[in-house]
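Engineer: Shown below is the structure under consideration.
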Amino acid sequence: MKFNYTFLFIIPLALVMFMDQMFLELAAPNNEYSQAMLLNMFTKLMSGASMLYCILFFKRMSTYMRLAFFLLLLYIAALVFESKYVYGSFMVYPHVFFKVLIFTFSFFVYTYYKANYHLKTQHVVWFILIGFWANVLLINPHTLSVSAFTNHERGVYSNSVYMLVVPFLYFLSNYFYKSKFSSLFLAFFVLFAIFFFQHRTVWISTAFVLAVYYFFIQFKTDKPINFLSKLLPVGTLVGVLGIVASGFILSIHPEIIEKVQESFSDIENFDSQGTGGWRYQQWLSYLPFIQENFLLGMRFEGFELPIQFYRDDLNAPVFEDGNGHHFHSFYVEVFFYTGLVGFILFLLISVYPIVKAIRMRVLTINQIMLVAFISSGFIFGISYVLPIFFYGVIGWTIAAIEEEKVTYPTFIHASGMRMKSLRLNQQKTLQSA
């Protein structure tokens, strides 16, 4: 029997994903210090290795990506020069350097798959699901209870739950284009997990992903989906069963309704209640510094700046000084440390596949899934710093946009002219086999 080695091509992307908290907890259970040390060591090794790999295989990149990578290297070189000239050390505060070194993960994943595009989406999906549920069952089993839900004991970090959006889109696409009922069941199961762990930002991001996904399916494929005919029969059945089951559960635990109402109220009143109000206050605390250093950011001076975010009840800083500032918004972080220049460096890699996808006449289903997902990063980044794995997915998306091609079946016309069919071979457009 011939062994299929294609699963090995997940390794470059998996190395980036491994730095997510759910995998770190599996590697060092119940030991936050070891997890922090492991993350610190891994980020340093991966940053250096990623940059070196991209320099060695620079010619693999497309012209646009070469320019983007060159601009990133210029910015990093400027930081090194400033660090050496002002502080006498080539890398005085690694915390600040990592705010831009993290972009190299996108270039690393992209450069590798640009020449070795044999990655299967199903391997990534099961890697995520196995890691997620291993974390829940082995590290955070206490989160799987009604009391944990009503008491808001989420256990699993928002970044890890956000990662579930990729499997959700994969199973949904398998149902739409392969008519696999089991895939629809798995899609609903993953969606329920996203809802159960109560990260409201992930809820909003998932809704945004579905809107972008719908747009591309309708306008960027030659075979748009009739969502009504696909989902109405099954949706009706699931709805009836859901009403019966929820009626039974809610009769025993009526506090669930109150909790859900509270969560949606927090979303509506983000600036005055819940964690949204907390983030809003943090944003206001740092806004003057962002405005004063809008173009270039504060960089190393930002690291040295005392914590500006105070607890009202204790009149004390929320975080300890000397460890950098820990923001709950990607936009606040990137503008505080690196300013508009750093944000533009991010846009160069994050917007490129989206714009390119919009300009393409047709897309594969895999391209649509990935572009929809990274588009949601602009929503997720409002409330959280973008997770490390997200940059790996950006690299994968760019490689998919440049490498995947929609294949058309051909036939020979009676006159001998070779013609292309206007109809897609859908089995080849779905990169999940």
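Engineer: Of all residues in the range 38-69, how many are open to solvent by 30 Å² or more (accessible area, probe 1.4 Å) and in a helix (DSSP H, G or I)?
Structural biologist: Count: 21.
Engineer: Going through Leu72, Leu129, Leu101 one at a time, which residue ends up being crowded, with 16+ Cβ neighbours inside 10 Å and in contact with a Leu (Cβ under 7 Å, 6 or more places away or on another chain)? Lay out the reasoning, then the answer.
Structural biologist: On the way: Leu129 fails: in contact with a Leu (Cβ under 7 Å, 6 or more places away or on another chain); Leu101 fails: in contact with a Leu (Cβ under 7 Å, 6 or more places away or on another chain).
Going through Leu72, Leu129, Leu101 in turn, the sole match is Leu72.
Engineer: Oh, and also: When you scan the range 100-113, how many residues do you find that are outside any loop (DSSP other than H, G, I, E, B) and either at pLDDT below 95 or aliphatic (A, V, I, L, M) (or both)?
Structural biologist: Selection size over the range 100-113: 3.
Engineer: Still on this structure, I have one more. Of Ser89, Ser106, which residue is touching a helix residue (DSSP H, G or I) at 6+ places or on another chain (Cβ under 7 Å), polar (S, T, N, Q) and under 28 Å from Leu305 (Cα atoms)?
Structural biologist: Testing whether each residue is touching a helix residue (DSSP H, G or I) at 6+ places or on another chain (Cβ under 7 Å), polar (S, T, N, Q) and under 28 Å from Leu305 (Cα atoms) leaves just Ser89.
Engineer: Here is a follow-up. Among the residues of the range 87-95, are any open to solvent by less than 50 Å² (accessible area, probe 1.4 Å), modelled with pLDDT of 95 or more and not polar (S, T, N, Q)?
Structural biologist: no
Engineer: Can His118 be described as under 19 Å from Tyr391 (Cβ atoms) and either at pLDDT below 95 or of a type outside the set (A, V, I, L, M, F, W, C) (or both)?
Structural biologist: Answer is no for this residue.
Engineer: Closer than 18 Å to Val209 by Cα, hydroxyl-bearing (Ser, Thr, Tyr) and modelled with pLDDT of 95 or more - does that describe any residue in the range 371-383?
Structural biologist: Yes, the range 371-383 contains a residue that is closer than 18 Å to Val209 by Cα, hydroxyl-bearing (Ser, Thr, Tyr) and modelled with pLDDT of 95 or more.
Engineer: Still on this structure: Among the residues of the range 178-225, count how many are in a loop (DSSP other than H, G, I, E, B) and in contact (Cβ under 8 Å) with a residue 40 or more places away in the chain.
Structural biologist: Residues that pass the stated criteria total 8.
Engineer: Still on this structure, I have one more. Quick test of your reading of the structure: Pro224 fulfils all but one of (1) under 20 Å from the mean Cα position of the chain (by Cα); (2) within 21 Å of Ile354 (Cβ to Cβ). Name the failing condition by number.
Structural biologist: Tallying (1) under 20 Å from the mean Cα position of the chain (by Cα); (2) within 21 Å of Ile354 (Cβ to Cβ), Pro224 fails exactly one: (1).
Engineer: Still on this structure, I have one more. If only one of Val260, Val240, Val244, Val234 is in a helix (DSSP H, G or I), modelled with pLDDT under 85, open to solvent by 30 Å² or more (accessible area, probe 1.4 Å) and more than 30 Å from Gly155 (Cβ to Cβ), which one is it?
Structural biologist: Residue meeting the stated conditions: Val240.
Engineer: Go through the range 351-396 and give me each residue that's in contact with a Gly (Cβ under 8 Å, 6 or more places away or on another chain) and surrounded by fewer than 24 Cβ atoms within 10 Å (Cβ to Cβ).
Structural biologist: Within the range 351-396, Ser383, Leu386 qualify.
Engineer: To continue, here is another question. Can you name every residue in the range 359-395 that is in a loop (DSSP other than H, G, I, E, B) and of a type in the set (Gly, Ala, Ser)?
Structural biologist: Matches in the range 359-395: Ser376 only.
Engineer: What single numbered condition from (1) in contact with a helix residue (DSSP H, G or I) (Cβ under 8 Å, 6 or more places away or on another chain); (2) surrounded by fewer than 15 Cβ atoms within 10 Å (Cβ to Cβ); (3) assigned to a helix (DSSP H, G or I) fails to hold for Val166?
Structural biologist: Condition not satisfied by Val166: (2).
The values are calculated or read from the model by the stated rules, or taken from the named source; none is laboratory data. Source: prediction; values computed, not measured. Neighbour counts run over all protein chains shown; Cβ positions are idealised from the backbone, glycine included. Each accessible area value is taken on the protein alone, full model and side chains, heavy atoms only, with ligands, DNA and RNA left out. Shrake-Rupley method; radii C 1.70, N 1.55, O 1.52, S 1.80 Å.
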